[in-house]
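Worksheet: one structure, shown below.
The values are calculated or read from the model by the stated rules, or taken from the named source; none is laboratory data. Note that this is a predicted model, so its numbers are computed, not measured. Here the Cβ positions follow ideal geometry from the backbone for every residue, glycine too, while neighbour counts run over all protein chains shown.
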Amino acid sequence: MANIDRSLVAGLPSFAGLSAEQIDEVLREAQVLRYPKGANVFQQDEAAHSFFVLLHGHLRVYRLTPDGQQVVVRYVSQGEVFGVAMAIGRTTYPATANAVVDSIALAWPSAAWPRLVSRHPALAANTLQTVGSRLQEANTRVVEMSTEQVERRVAHALLRLAGQAGRKVEAGVRIDFPISRQDVAEMTGTTLHTVSRILSAWEEKGLVEGGRQRITLRDPHRLMLLAEGEADGD
């Protein structure tokens, strides 16, 4: 494999605590893969052949339920490790990862995982911390869907996405990758009709601004109050 420049991963949480020499050793087993918009990095229930770090772009991770319903699990942003099925005791991928924009990732064979984490315990610790954070986020979303009204769930989802991949613009904070109202519906366990009604009402009140698969939070503070049930979205 071609040598990969260490600067590509410098400062990424996955490599925290590793020396320059250790990073070079880990990178020697990686390859750079490109995924055009719309391409799958891997599919649900496929054998977990590789694990990855996203260098550029954004990925949408979703699951299909037994009755064929699509549920958006999360989005992967630049710098994140993903697809480490072995770290959670799986031999298959639990979901599908799809590129929402042209994306680039580093990939390692899954078979290399036990050896790499044995030689570099910090790599295992960093990955487990990431997995733990995602489990906590998933638990939070389950509680939200079980106990909160849909307006609060939508507000939480938009704030979470803005926190993960928000970019300040003149109008507010823009979620910096294409996201549709259908995506928001699949993240919050509701229907496209309901999300469209909520976002249209919020647009009229100046809370958000929609575009072609773009959402800008014009008043994040007010949305935070809505998410916490301290303000009325209507």
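Per the listing Val76, Val100, Val81, Val61, the residue uniquely at pLDDT 90 or above, closer than 23 Å to Arg28 by Cβ and outside the structural domain of Ser180 (by TED's automatic domain parsing) is Val81.
For segment 135-163, what are the residues that are modelled with pLDDT under 90 and either hydrophobic (A, V, I, L, M, F, W, C) or crowded, with 16+ Cβ neighbours inside 10 Å (or both)? Before the answer, list the steps.
The first filter runs over segment 135-163 and keeps only residues modelled with pLDDT under 90, leaving 135-148, 163.
Across segment 135-163, the qualifying residues are Leu135, Ala138, Arg141, Val142, Val143, Glu144, Met145, Glu148.
The requirement of being touching a residue at least 12 places away in the same chain (Cβ under 8 Å) and small (Gly, Ala, Ser) is not satisfied by Ala111.
Condition check: of a type in the set (Ser, Thr, Tyr), surrounded by 17 or more Cβ atoms within 10 Å (Cβ to Cβ) and touching a strand residue (DSSP E or B) at 6+ places or on another chain (Cβ under 8 Å). Does Thr216 satisfy that?
On the way: of a type in the set (Ser, Thr, Tyr): yes; surrounded by 17 or more Cβ atoms within 10 Å (Cβ to Cβ): yes; touching a strand residue (DSSP E or B) at 6+ places or on another chain (Cβ under 8 Å): yes.
Criteria met by Thr216.
Being over 22 Å from Glu144 (Cβ atoms) and either surrounded by fewer than 22 Cβ atoms within 10 Å (Cβ to Cβ) or modelled with pLDDT under 90 (or both), is that true of even one residue in segment 183-198? Before you say what the answer is, go through the steps one by one.
We begin by selecting, within segment 183-198, every residue over 22 Å from Glu144 (Cβ atoms); these are none.
Checking segment 183-198: not a single residue is over 22 Å from Glu144 (Cβ atoms) and either surrounded by fewer than 22 Cβ atoms within 10 Å (Cβ to Cβ) or modelled with pLDDT under 90 (or both).
Quick check on segment 19-34: of everything there that is touching a residue at least 60 places away in the same chain (Cβ under 8 Å) and among the acidic types (Asp, Glu), which residue is nearest to Ser7 (Cα to Cα)? Within segment 19-34, the match that is nearest to Ser7 (Cα to Cα) is Glu25.
If you scan segment 14-31, which residues turn out to be surrounded by 15 or more Cβ atoms within 10 Å (Cβ to Cβ) and under 18 Å from His56 (Cβ atoms)? Result: Ser14, Phe15, Leu27, Ala30.
For (1) closer than 18 Å to Trp108 by Cβ; (2) at pLDDT below 95; (3) not assigned by TED's automatic domain parsing to the domain that holds Ser110, each residue gets a yes or a no:
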{"residue": "Ala20", "(1), (2), (3)": "no, yes, no"}
{"residue": "Asp24", "(1), (2), (3)": "yes, yes, no"}
{"residue": "Phe42", "(1), (2), (3)": "yes, no, no"}
{"residue": "Phe52", "(1), (2), (3)": "yes, no, no"}
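I want to confirm something. Restricting to segment 94-124 and keeping residues that are of a type in the set (A, V, I, L, M) and in contact with a Lys or Arg (Cβ under 7 Å, 6 or more places away or on another chain), which single residue is nearest to Pro66 (Cα to Cα)? Result: Ala95. Scanning segment 42-88 for residues that are within 12 Å of the chain's Cα centre (by Cα), under 21 Å from Gly132 (Cβ atoms) and of a type in the set (D, E, K, R) gives Arg74, Glu80.
Among the residues that make up segment 180-192, is at least one of them in contact with a strand residue (DSSP E or B) (Cβ under 8 Å, 6 or more places away or on another chain), among the small types (Gly, Ala, Ser) and more than 15 Å from Val72 (Cα to Cα)? Looking for residues that are in contact with a strand residue (DSSP E or B) (Cβ under 8 Å, 6 or more places away or on another chain), among the small types (Gly, Ala, Ser) and more than 15 Å from Val72 (Cα to Cα), one finds none in segment 180-192, hence no.
Scanning segment 1-13 for residues that are within 16 Å of His56 (Cβ to Cβ) and either part of a helix (DSSP H, G or I) or among the aromatic types (Phe, Trp, Tyr) (or both) yields Ser7, Leu8. Flag: Ser103 matches the condition of being closer than 24 Å to His56 by Cα, out of contact with any helix residue (DSSP H, G or I) (no Cβ under 7 Å at 6 or more places or on another chain), buried (at least 18 other Cβ atoms within 10 Å of the Cβ) and of a type in the set (Ser, Thr, Tyr).
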